C-alpha cells in the first residue's frame, strides 16, 4: 500500500538509529532507505496492534482471523456490523458456556431470533425406594429458534454452534420456526365470542 503513494515519508527511518558518522554518508542513507520502505508497514502494524484485536476497530478482512482466536466461525454472508457485534459479545458469553442460559444467549447471537431451550438435565429422584426416577434417561437438549424468516438462518451453521456449546455426551435437536406475527396472536372477532 505504501508503494502506491509517491513521496510518503517513513515514520521512523533506520538512518536515525545509526551512529552519527553513518548518518552523514549518502550511500548509507540511500541503502537504509530501501529497508525503510519494506519495514514501514511492519512497524506501522506493530504500532497499531491494539486496534487489530479490538472488534470495533479491526480491519474488515481481519475479522475472520480474530474470530478464530476465540473459536468462532463467522458467516460470510453476514454484514460486517453483525460480525463485529458477535465478536464483542462472544468472549463474555464464554463464562456461561455449558449452561442453558449460555446456550440460549449464544444461539440468539447467531440467529437473531427468540430462543427456547428444553433440557433433560438436573437431578432426578424417586419418591419410593427402588422406583424409577421421573423423566427420560439420557441427556438431551431441544433448541427452538423463532425467527421472522426461517429460510435466512443456516440450519447447518446453527447446529454446529449448538454442538460446539454442549458437552459431547449431550444429544441436541434444533428446530427453526417462523415467529408468530401480531396478526397470529390476535383472535379474530368471531373467535372472541
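Each reported figure results from applying straightforward, stated rules to the coordinates on display, with no laboratory input. Source: prediction; values computed, not measured. Every residue, glycine as well, gets a Cβ built from its backbone with ideal geometry; the counts of neighbours run over all protein chains shown.
Taking square-rooted eigenvalues a ≥ b ≥ c of the alpha carbon gyration tensor, is region 41-162 rounded, prolate or oblate, where a/c under 1.5 means rounded and, failing that, a/b exceeding b/c means prolate?
Note, shape of region 41-162 comes out prolate.
Quick check: from the Cα gyration tensor, does region 10-72 come out rounded (a/c under 1.5), prolate or oblate?
It is prolate, given that a/c is not under 1.5 and a/b is the larger ratio.
Can you compute the modelled spin-label distance between residue 85 and residue 38, with each label point 7 Å from Cα toward Cβ, in nm?
Distance between label points: 4.5 nm.
Could you check the spin-label model distance between residue 177 and residue 152? Points 7 Å from the Cα along Cα→Cβ, value in nm.
2.1 nm
Can you tell me the FRET efficiency between residue 78 and residue 169 if r is taken as the Cβ-Cβ distance and R0 is 25 Å, rounded to the nearest 0.05?
Given R0 = 25 Å and the Cβ-Cβ separation, E is 0.20.
What nm value, rounded to one decimal, do you get for the distance between residue 57 and residue 18 when each label is placed 7 Å out toward the C-beta?
So the two model labels end up 3.4 nm from each other.
Given all pairs of different Cα atoms, what value in angstroms does the Kirkwood hydrodynamic radius of region 1-111 take?
About 17.4 Å, per the Kirkwood formula over Cα pairs.
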